[in-house]
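Participant: Just passing along the structure, written as structure tokens.
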Amino acid sequence: MQINTNYDNLEQSYLFSTIARKVREYSASHPEADIIRLGIGDVTRPLVPAVIDALHAAVEDQAKQETFHGYGDEQGYDFLHEALVGYYKTHGVELATNEIFISDGAKSDLGNILDIFGKDNVVLVPDPVYPVYVDTNVMAGRKIIFADANEANGFLPLPDASVKCDIIYICSPNNPTGAAYDRKGLKAWVDYANAQNAVILYDAAYECFIEDENLPRSIYEIEGAKTCAIEFCSFSKMAGFTGTRCGWTVVPTALADGRLNKMWLRRQTTKFNGVPYIVQKGAAACFTEEGMKQIKDTLGYYKQNAKVLSETLDELGIWYTGGKSSPYLWLKCPNGMDSWTFFDYLLENANVVGTPGAGFGKNGDGFFRLTAFGDQKRTLEAAERLKKLLAK
């Protein structure tokens, strides 16, 4: 027996585990502290009534012989495929149902998609970056190179034609920075990928927060994207499915002459038994007229939190990206503090928890992430604490 020694190259402590430990230790020594958590990107609002009603109805289906569902197609039920085709049409994107694969979330698929790519591919990821992109490739032993995202380019790096790669990760709106590519920026990446014969793994998990029409909701709004990009998305942030688990991946048949679509289907039918019927019925309810209205209201709740935090940082004169068309705010730590120093400073002096940018890569040091997924009253309270602590 031999183990995969690539795991030895991983950071031994996951970012959010370190944060949880620090908060736990602080709480133990300061039991009176009223801590507000604006760190982890989990949602806090319940599933909307349209989804709950669909889940209940689907449970009842499972109680009757004539409507019971056992194993379904691994790539998902037709009713959800068709709902998603309709959703993409609202973005001006035409997809075929066989290009959409239903999964238990974007995070799973972003890791599992690597099964269909060879080990010797060179991977390009931005720095700072969502850790899963890096860690899954470290596990596989692939070479990783970094695109330099920084304050000067607004944390939206553009491709360098002299850099050769095979797999490119793009997240827009970005986690952790909240920055989002406009059509011109995304077109530059699409043209670069097509010229390199590379594939873009496009994480669109936060597309539902986009309001600016100049920002694409899907990479397939960009000419040429269907020949170079696989898109991943999720009901987690759109509809609060973080605990319910459902997402989708689009693998166009125009990509690699349809070979990757067939390979992904083969991979899923071999290693995955599909998302439960009950969950998929709940997901499909998101796209009904009532479901979309209710989801818009929930998203508006989070967008208001983002507005409160954005206005707070504006008032304090702190540089940041995100907050608009994104649930994340990526701020420059004041007074030249590094990320973990600012984390401790904020926890100890304002009892507010965020996420140190250093946990997302070397370019993240000196920056800090806040999220808009908290309770509105608590977010307002956190904003007041930030003003009191950081006002010049």
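Participant: Using Cα-only point scatterers and the Debye equation, what is log10 of I(q)/I(0) for the range 46-133 at each q in 0.14, 0.24 Å⁻¹, rounded to two decimals?
Facilitator: -0.80, -1.26
Participant: Quick one: accessible area per residue over the chain, 1.4 Å probe, rounded to a whole number of Å²?
Facilitator: Numbers: 17740 Å² over 392 residues.
Result: 45 Å² of accessible area for each residue.
Participant: Along the principal axes of its C-alpha atoms, what lengths does the range 136-233 span, in descending order and rounded to whole Å?
Facilitator: Cα extents, longest axis first: 38, 27, 26 Å.
Participant: Could you tell me what a quarter of the Cα convex hull surface of the range 206-273 works out to, in nm² with one decimal place?
Facilitator: Working: hull surface 22.2 nm².
Hull-based average projected area comes out at 5.6 nm².
Participant: Relative to the Cα centre, what is the charge dipole magnitude of the range 253-356, using +1 at the beta carbon of each Lys and Arg, -1 at the beta carbon of each Asp and Glu, and rounding to the nearest 20 debye?
Facilitator: On the way: 12 positive and 10 negative charges, 188 e Å.
Dipole magnitude for the range 253-356 comes out near 900 debye.
Participant: Additional query: Per-residue counts of other Cβ atoms within 10 Å, averaged by peptide: what ranking do you get for 345-357, 157-169, 229-241, highest first? Show your work: numbers first, answer last.
Facilitator: Working: 345-357: 20.5, 157-169: 16.3, 229-241: 24.9.
Sorting 345-357, 157-169, 229-241 by mean packing, highest first, produces 229-241, 345-357, 157-169.
Participant: Follow-up question, since we're still on this one. Where Lys and Arg each count +1 and Asp and Glu each count -1, what net charge lies around VAL85 among other residues with Cβ under 14 Å from its Cβ?
Facilitator: Working: positive: LYS89; negative: ASP78, GLU82, GLU94, GLU99, GLU231.
That sum, taken over residues with Cβ under 14 Å, equals -4.
Participant: Out of TYR181, ALA149, LEU260, whose Cα points farthest toward the positive end of the dipole of the chain (charges: +1 Lys, Arg; -1 Asp, Glu; placed on Cβ)?
Facilitator: ALA149
Participant: Which percent of the Cα-Cα distances in the range 276-392 go past 23 Å?
Facilitator: 37
Participant: Answer with one residue from LEU80, SER172, VAL134: the one whose Cα lies farthest towards the positive end of the charge dipole of the range 67-182, charges on Cβ with Lys, Arg +1 and Asp, Glu -1.
Facilitator: VAL134
Participant: Can I ask one more? Rounded to the nearest percent, how much of the accessible area of the chain (1.4 Å probe, protein heavy atoms only) is carbon and sulfur?
Facilitator: Values: 8800 of 17740 Å².
Its accessible area is 50 percent carbon and sulfur atoms.
Participant: Continuing with the same structure: What pairs in LYS332/LYS377; LYS107/LYS164; LYS89/LYS324; LYS303/LYS377; LYS332/LYS362 have C-alpha atoms more than 21 Å from each other? Working shown, then result.
Facilitator: Numbers: LYS332/LYS377 25 Å; LYS107/LYS164 26 Å; LYS89/LYS324 24 Å; LYS303/LYS377 14 Å; LYS332/LYS362 14 Å.
Exceeds cut-off: LYS332/LYS377; LYS107/LYS164; LYS89/LYS324.
Participant: Running Debye on the chain with equal point scatterers at the Cα sites and no solvent, what base-10 log of I(q)/I(0) appears at q = 0.06, 0.13 Å⁻¹?
Facilitator: -0.24, -1.15
Participant: OK, next. In the chain, which helices (entire DSSP H runs) extend 27 Å or more along their own long axis, judged by Cα positions, while averaging at least -1.0 on the Kyte-Doolittle scale?
Facilitator: On the way: long enough: 289-316 (40 Å, -0.90).
Qualifying helices, which must be both long enough and hydrophobic enough, are 289-316.
Participant: With charges only on Cβ, +1 for K and R and -1 for D and E, what is the dipole size of the chain about its Cα centre, in debye, rounded to 20? Walk me through the intermediate numbers first.
Facilitator: Working: 39 positive and 50 negative charges, 83 e Å.
The dipole of the chain has a size of about 400 debye.
The values are calculated or read from the model by the stated rules, or taken from the named source; none is laboratory data. Because the structure is a prediction, the values reported are computed rather than measured. Cβ sites come from the backbone with ideal geometry, for glycine too, and all protein chains shown count toward neighbours. To get the accessible areas, we keep the full protein, side chains included, count just its heavy atoms, and leave off ligands, DNA and RNA. Shrake-Rupley method; radii C 1.70, N 1.55, O 1.52, S 1.80 Å.
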